[in-house]
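Reviewing the structure listed below.
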Amino acid sequence: GMIVLGISRLCSAALEPLGELQREVEIHRAFVAQSVHLFILYFFNMAVLATYLPQEALKLVPLLTGLFAISRLIYWLLYAMGRSFRAFGFGLTFLPLLAMLLYNLYGMLVLEPHGLLA
């Protein structure tokens, strides 16, 4: 995403590089910014999730990682098609993050409440 953003800025017909961005450049810039924010949330959720999952369920870690990557690419493609289509790709990214967050809170508050402040 960052490489495509850089190439789109170089190929942009804008006279002022720091001026108003064209729609194509704005799409890539927004995708990169949102992906960085969501990846930070995903990384911390996955780190906590890996500590609370049982050994048999650790195979979910690479599956959730693949789902995150594919859903971000789907979001990027649908965002380029039109802003009204991007909700599906965002839902594919956000809903697993929300499920991980809820399971992490369940693990911290219900499964191991004695280790919360330790």
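The values are calculated or read from the model by the stated rules, or taken from the named source; none is laboratory data. In this text, all values refer to a predicted model and were calculated from it rather than measured experimentally. All Cβ positions, even for glycine, are placed from backbone atoms using ideal geometry, and neighbour counts span all protein chains on display.
What to note about this one:
- When the stretch 8-56 is limited to residues that are modelled with pLDDT under 90, hydrophobic (A, V, I, L, M, F, W, C) and in a helix (DSSP H, G or I), the one that is nearest to TYR75 (Cα to Cα) turns out to be PHE31.
- Taken over the stretch 62-113, residues that are surrounded by fewer than 10 Cβ atoms within 10 Å (Cβ to Cβ) and either outside any helix (DSSP H, G or I) or in the same structural domain as ALA47 (by the TED database) (or both) amount to 2.
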